[in-house]
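A short write-up of the structure that comes next.
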Protein chains: 6
Amino acid sequence: MKVTVHRKAHFNAAHRLYRKDWDQEKNEAVFGKCSNPNYHGHNYELTVSVTGLIDPETGFVIDLKVLKDLIYYEIEIPFDHKNLNIEVEEFQDLNPTAENMAVVIWNRLRPKLKLDLELAVTLYETPRNFVTYSGN
Amino acid sequence: MKVTVHRKAHFNAAHRLYRKDWDQEKNEAVFGKCSNPNYHGHNYELTVSVTGLIDPETGFVIDLKVLKDLIYYEIEIPFDHKNLNIEVEEFQDLNPTAENMAVVIWNRLRPKLKLDLELAVTLYETPRNFVTYSGN
Amino acid sequence: MKVTVHRKAHFNAAHRLYRKDWDQEKNEAVFGKCSNPNYHGHNYELTVSVTGLIDPETGFVIDLKVLKDLIYYEIEIPFDHKNLNIEVEEFQDLNPTAENMAVVIWNRLRPKLKLDLELAVTLYETPRNFVTYSGN
Amino acid sequence: MKVTVHRKAHFNAAHRLYRKDWDQEKNEAVFGKCSNPNYHGHNYELTVSVTGLIDPETGFVIDLKVLKDLIYYEIEIPFDHKNLNIEVEEFQDLNPTAENMAVVIWNRLRPKLKLDLELAVTLYETPRNFVTYSGN
Amino acid sequence: MKVTVHRKAHFNAAHRLYRKDWDQEKNEAVFGKCSNPNYHGHNYELTVSVTGLIDPETGFVIDLKVLKDLIYYEIEIPFDHKNLNIEVEEFQDLNPTAENMAVVIWNRLRPKLKLDLELAVTLYETPRNFVTYSGN
Amino acid sequence: MKVTVHRKAHFNAAHRLYRKDWDQEKNEAVFGKCSNPNYHGHNYELTVSVTGLIDPETGFVIDLKVLKDLIYYEIEIPFDHKNLNIEVEEFQDLNPTAENMAVVIWNRLRPKLKLDLELAVTLYETPRNFVTYSGN
């Protein structure tokens, strides 16, 4: 009996879509107003989904207090109220699109979970734009 | 690294559940108040989900401006503020249930996307009733 | 100690913005696509707000079961899955804008409530457009 | 053409996380404040998802009135305004975690659906914690 | 320039509608299934609204960190994961209806705010039932 | 018969809480992580509420297409995908707290509305923090 447990979290951050190896003209041609050099920002809403067997002793797939703390220390602390391009290591040379952010978040959480648990992340950049990544 | 990009849209339309080859009595027996000959309507909420590899150059699976425009021209323009039974070609001889609408929407969008992208659509008829179709 | 009790309800209906005493050209000039002669429709979300003193015996301003039934019989039954222009008496000669609908709903509910209770109604036509009327 | 039809429902219930074969100290050590002997409670939000072929005659995978009634009689009536630990049979000896509740709900609905329909359930315990079970 | 600052919070609790001075038969006749002796529960969603002048130095009506902490210590800690009838002092002899709960919450917060600030509270018992109290 | 018409809009922007006449140490002491010199950002959700008499000819308090365009040109264009501190004139010497932003938005819209219409604005900075200003 495999069940998926989902936990929501959020963080507020500034970013711009931007490649260092392109000049500003090319960045604007491809990324439009999302490439504003003064940045813009979002209330990111994150859902972390963990799939596994129910532990017959506790009735949990994963203790939600553990999952909540994991998201807090691995994602919320380093991302919340930050400028993603400047202050998050992975985006020094990676464009912080929602797609790349979902992969970065997945890569941060995956090593912290037991191997027999599956992981997917859904990231809302706005209420109308969101992405899902499950490591495949 | 396959990521799914989701984009939400909406349109307001009138419809009735109805088969031309059934008389009104049979339509009412099967479809109840949803078959009211004077129509009723909904705020349809649509999520279009596109799955594919992240383009390493842009960090996009698909440019959301492109996807937003595609949904606008292929779905919102022809469906918004319309009577689905009377004004949308596919429903001339097809009952506009949420299930059939999801298939029609998928069929309109599929040819506009590159072959290596996968497509799924979710259509909310009301906040409590919704359907998903992914072409299988 | 005056408290306001709010109860949400919903109904799905077709309508068009339209004045019988204007020709179709003028209706379209003023009301645009909302005047489509084949109708369009909405999932209307209604909040009914009743303000009054807390009854010290029950702890209620108004019994929510009573309020829920009142909304059901006075508003949901006559409006749900209906064509407002054709099937609701008040809109025979009144344009069913959200503003006029809020007044009609308030007028239907007001006589059913005790005189010492105040009434306000909020009607969502779409998630982005809504109106409030409190009888003043 | 397989489509998934989703229907939302809700119920309000009290529960505590608790194993009868553990003493109170151990229950509190593992389940924290969720093990309060005086109970706490939730507004559970349930989505029932049924996947199958569209019936070409009706345009339905399943008649939503049928699905709505099924959820009402099998889940809402027995769970709503109840104490899950005391009043729901399955939780006499099973900890009512969200995971176990999803399995119990799935097990109650599965025998009522035709064999060629697939079933998944999603249960929100709070707006930030939810689980999904699809019988695998 | 008076601005209202709103902060949302939530807590999960068990309760029953019940008067000690009525027998079970009368409690059930008046309060129905809400009077279940084994309790039921809710995810209460609370909005605290504070109105006052903007401090020209900070640009704040009230520092949201201060307001968030006030709600946490005065309301969330004493109400969350509790049985309101048994574990919250004010409801020892007061029926925990949403109306009475809004007044109790207002009475707990009012003395902690400066006199020149106005206070209102909105409490959602379910997504469809909620109440507002502003001390008048 | 005075009715209030509400229209929702949104914009994404970067900002920091900051006074030019304070040094960084004092800004951080008062505004905490909200004063990060590299900025953070939000998906701001705006509700504009206009109160007035229903025009008996159209059934409108204000034509929603007019209100939508007004919000678009006066607020969304100048604020969306911008850095509020750097790129919006009013915040050159005014701290862009939610309170000050609501006043600035109100001041931009008020001169564009007829004198017999009342105006209020509600601005969500996050789903849990929001402010209201009505010009008093």
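The values are calculated or read from the model by the stated rules, or taken from the named source; none is laboratory data. This structure is a prediction, so every number in the text was calculated from the model and none was measured. Here the Cβ positions follow ideal geometry from the backbone for every residue, glycine too, while neighbour counts run over all protein chains shown. Please note that ligands, DNA and RNA were not included when accessible areas were found on the heavy atoms of the full protein model with its side chains. Shrake-Rupley method; radii C 1.70, N 1.55, O 1.52, S 1.80 Å.
For E:His15, the accessible area of its heavy atoms, probed at 1.4 Å with every protein chain present, is near 0 square angstrom. For the range F:1-82, applying the loop criterion from DSSP together with a ceiling of 11 other beta carbons within 10 Å to the trypsin sites (Lys or Arg not before Pro) yields F:Lys20. Ordering A:Tyr44, A:Asn95, A:Leu70 by Cα displacement along the dipole of the range A:41-136 toward the positive end leaves A:Tyr44 in first place; charges were set at the Cβ atoms of Lys, Arg (+1) and Asp, Glu (-1). Solvent-accessible surface (1.4 Å probe) assigned to E:Tyr124 amounts to roughly 60 Å². The alpha carbon centroids of the range D:7-23 and the range B:35-81 are separated by 39 Å. With its label point defined 7 Å out from Cα along the Cα-to-Cβ axis, F:Glu76 lies at 0.9, 3.2, 3.4, 3.4, 3.7 nm from the matching points of the other copies, in increasing order.
Sequence-ordered 3J(HN,Hα) estimates for the range A:119-130 from the Karplus curve with 6.51, -1.76 and 1.60 and θ = phi - 60° stand at 10, 9, 10, 10, 10, 8, 8, 9, x, 10, 10, 8 Hz, glycine and proline given as x.
Remark: the Cα gyration tensor places the range C:85-136 in the oblate category, a/c being 1.5 or greater and a/b not exceeding b/c.
Among the residues of the range B:19-38, those with an accessible-area drop of 50 Å² or more from chain alone to full protein complex, heavy atoms and 1.4 Å probe, are B:Lys33, B:Asn38.
When every Cα-Cα distance of the range D:1-134 is counted in 5 angstrom steps from zero, the calculated P(r) takes the values 2, 10, 19, 22, 17, 12, 8, 5, 3, 2, 1, 0 percent. Relative to the other identical copies, B:Pro56 shows label-point distances of 4.8, 4.8, 5.8, 7.2, 7.8 nm, where the label point lies 7 Å from Cα along the Cβ direction and values run shortest first. Distances from B:Lys112 to itself in the other copies, using label points 7 Å out along the Cα-Cβ axis, amount to 2.9, 4.0, 4.0, 4.4, 5.2 nm in increasing order. Ligands, DNA and RNA left out, the 1.4 Å accessible surface of the protein assembly as shown is 53% carbon and sulfur atoms.
For chain E, the dipole from Cβ point charges (+1 on Lys and Arg, -1 on Asp and Glu) about the Cα centre works out to 240 debye, to the nearest 20.
Rounded if a/c is under 1.5, else prolate if a/b beats b/c, else oblate: with a ≥ b ≥ c from the C-alpha gyration tensor eigenvalues square-rooted, which is the protein assembly as shown? Rounded is the answer for the protein assembly as shown, as its axis ratio a/c remains below 1.5.
Annotation for F:Lys2 and C:Asp116: the two label points, set 7 Å from Cα along the Cα-Cβ direction, are 2.7 nm apart.
Can you pull out the buried accessible area for chains E and C, both sides counted, probe 1.4 Å, rounded to the nearest 100 Å²?
What E and C bury together is about 1700 Å².
Per residue, the accessible area of chain B comes to 42 Å², computed with a 1.4 Å probe over protein heavy atoms only. Closest approach to the axis carrying F onto D, counted by Cβ on chain F and given in whole Å with its residue, is F:Pro127, 5.
Computed from backbone phi, the HN-Hα couplings of the range B:95-100 come to 5, x, 5, 4, 4, 5 Hz, rounded to whole numbers (Karplus: 6.51 cos²θ - 1.76 cosθ + 1.60, θ = phi - 60°; Gly and Pro given as x).
For the range D:67-73, putting each phi into the Karplus relation 6.51 cos²θ - 1.76 cosθ + 1.60 with θ = phi - 60° gives couplings of 5, 4, 5, 4, 5, 4, 6 Hz, in residue order, rounded to whole numbers and with x for Gly and Pro. Which one, F:Gly59, F:Leu117, F:Tyr133, is farthest towards the positive end of the dipole of the range F:26-136 when Lys and Arg carry +1 and Asp and Glu -1 on their Cβ? The listed residue farthest towards the positive side: F:Tyr133.
When the GluC sites (Glu not before Pro) in the range B:46-84 are filtered for DSSP coil states and for at most 13 other beta-carbon atoms within 10 Å of their beta-carbon, the remaining sites are B:Glu57. Distant-in-sequence amide contacts of C:Ala13, defined by a placed amide H-H separation under 5 Å and a gap of 5 or more residues or a different chain, comprise B:Gly41, C:His42, C:Tyr44, C:His81.
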